[in-house]
1. At 1.4 Å probe size, with the rest of the protein present, what percent of the exposed accessible area of segment 46-102 is carbon and sulfur atoms?
2. Taking the full set of protein chains and a 1.4 angstrom probe, give the accessible area of Glu100 in square angstrom, rounded to the nearest 10.
3. Roughly how many Å² is the accessible area per residue of segment 36-93, as a whole number, for a 1.4 Å probe?
4. Please list Phe78, Phe39 in order of solvent-accessible area, largest first, computed with a 1.4 Å probe with all protein chains present.
5. Could you work out how far apart the two model spin labels at Arg50 and Glu68 are, taking each label as a point 7 Å from the Cα in the direction of the beta carbon, and quote it in nm?
Amino acid sequence: MFTCLRSSGNGGENAATSEDEDGILTKFSLLQPIEKSVFVRGSWDDSRGRTAMKSSSSNNLKSEYEVEIALKPGKYLFRYYVDGKSCMAKLKPVETYNGEIYSVLHVLENEVDSGSSRSHGTRS
């Protein structure tokens with residue numbers, strides 16, 4: 001497991017939130033060297049699936065990978081996967097579950113104000 005160059009998730013450093021009928025849209029973004037596959041996996045689906053992140057922009061040898069996931073208010077554990085390797089979100093609280101370390105994400109109902117968003121993240 002390694003630390004991501006720059007990562008985000010609501011309750012962390014570089015995430016935006018907005019309300020959706022299925023929950024609060026939480027934008028995860030990750031700045032990494034250009035890779036073949038980037039996913040996020042979390043307790044919102046009991047860590048059964050991996051949600052692919054798409055490259056939204058790139059400069060030089062790094063690319064910004066993003067995905068929005070509708071989440072209900074609550075606490076979630078998550079990890080990024082970059083080319084099959086687990087990647088911990090930098091500067092995020094962590095928690096151990098079943099012997100493995102995960103980044104912690106808190107989605108709060110009151111985080112969504114009409115039209116506003118919060119930004120969080122780590123950059124290098």
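The values are calculated or read from the model by the stated rules, or taken from the named source; none is laboratory data. Since we're looking at a predicted model, the values are computed, not measured. Note: ideal-geometry Cβ built from the backbone for every residue, glycine included; neighbour counts use all protein chains shown. Areas reflect the complete protein model, heavy atoms only, side chains present, ligands, DNA and RNA absent. Shrake-Rupley method; radii C 1.70, N 1.55, O 1.52, S 1.80 Å.
1. Numbers: 1700 of 3460 Å².
The value for segment 46-102 is 49 percent carbon and sulfur by accessible area.
2. Near enough 80 Å² of accessible area.
3. Accessible area per residue, segment 36-93: 55 Å².
4. Phe39, Phe78
5. Placing both labels 7 Å along Cα→Cβ, they lie 2.4 nm apart.
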